[in-house]
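The values are calculated or read from the model by the stated rules, or taken from the named source; none is laboratory data. Just so it is clear, the structure is predicted and the values come from calculations on it, not from any experiment. Cβ sites come from the backbone with ideal geometry, for glycine too, and all protein chains shown count toward neighbours. We work out accessible area using only protein heavy atoms, side chains counted, and drop any ligands, DNA or RNA first. Shrake-Rupley method; radii C 1.70, N 1.55, O 1.52, S 1.80 Å.
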Amino acid sequence: MIKGSIVALITPFHEDGSVNFEKLEELLEWHVANHTDGILVLGTTGESSTMTHEEDDAVVEFTLKVINKRLPVIVGAGSNCTQTAVEKSIKYEKMGADYLLIISPYYNKANNQGMIAHFTAVADAVNIPIIMYNIPGRTGVAISEDAVKVLSKHPNICGIKEASGNISYATNIARYLNDDFAMYSGNDDMITSMLSLGASGVISVLANVLPKETHDMVMDYLNGDVKKSLEAQLKYLDLIHALFIEVNPIPVKEALNIMGKGVGGYRLPLCEMSDAHKEVLAQALHEVGL
């Protein structure tokens, strides 16, 4: 089980839109140096939905080579096609991924039986742990509490990234947490709330700009200093809100560029954020010393 802050890493691009591997290496080394506890590539924040399969594979291969087992690497291998998710998962396991993140089947959705069958098919096909990804605001479908109850018992399903923003849902599925099944906050404004329910950490957008601080927020809580963790949660709340003032990952890439990281732009249909929102973001960064 990973405990702490897992960064939902952005994918840096050159001006021509190609993947900037030199910058990717720089970011990976920055996260290692700043105590990030795990690296997630090909997630929502990584813009994998607009990258080619060849680019996906190249990012995974490069990340695994640079990290070289210093941190666990989680690879987003989900799809709304179960067979595609199975094939991608097998491929990334062979490449050396430590964990897989599998999103619920978006667009076509699924009933409860189909949802269970989808995740079970992927989990049965590989021998590395799977983290389920519940984010109904993007997918249009939630992983039901009953499905979580069933799937939490699968030996290859080790946890869930819970990003619904629904604390009642999180409380209900917290009943199924144990040494073999963990929960990770998928919302940076709910880190301490989720930790109070037994979560093991966060899969974080905020960690892209504040890697050490996000790590410290989680580990302070897990080590018993709830007050210090809560203080950090509240201190960075305005920045967290600013990082979602437009659809993720537009603001976080803009934030990194404001910080001088030079991570480039976006793939359409994502595009540059408005000047008014840039001002809000820049002020939020300034207020926390960035």
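Per-structure values
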{"quantity": "Unmet requirement for Thr214, which otherwise passes all of (1) over 27 Å from Leu290 (Cα atoms); (2) touching a strand residue (DSSP E or B) at 6+ places or on another chain (Cβ under 8 Å); (3) among the hydroxyl-bearing types (Ser, Thr, Tyr)", "calculated": "(1)"}
{"quantity": "Given (1) open to solvent by 20 Å² or more (accessible area, probe 1.4 Å); (2) closer than 22 Å to Asn34 by Cβ; (3) within 20 Å of the chain's Cα centre (by Cα), number of the condition Ala207 does not satisfy", "calculated": "(1)"}
{"quantity": "Residues that are out of contact with any Leu (no Cβ under 8 Å at 6 or more places or on another chain) and in a helix (DSSP H, G or I), drawn from the range 252-290", "calculated": "Lys253, Leu256, Asn257, Asp275, Ala276, His277, Lys278, Glu279, Val280, Ala282, Gln283, His286"}
{"quantity": "Pairs with Cβ under 6 Å, 6+ apart, first in the range 190-217 and under 16 Å from Tyr169 (Cα atoms) and free of Cβ contacts under 8 Å to residues at least 40 places away in the same chain, second in a helix (DSSP H, G or I) and among the hydrophobic types (A, V, I, L, M, F, W, C)", "calculated": "Leu197/Ala170; Leu197/Ala174; Gly198/Ala174"}
{"quantity": "One residue from Tyr106, Tyr133 being closer than 22 Å to Ser193 by Cα and aromatic (Phe, Trp, Tyr)", "calculated": "Tyr133"}
{"quantity": "Flag if Gly159 is surrounded by fewer than 24 Cβ atoms within 10 Å (Cβ to Cβ) and either among the small types (Gly, Ala, Ser) or in a helix (DSSP H, G or I) (or both)", "calculated": "no"}
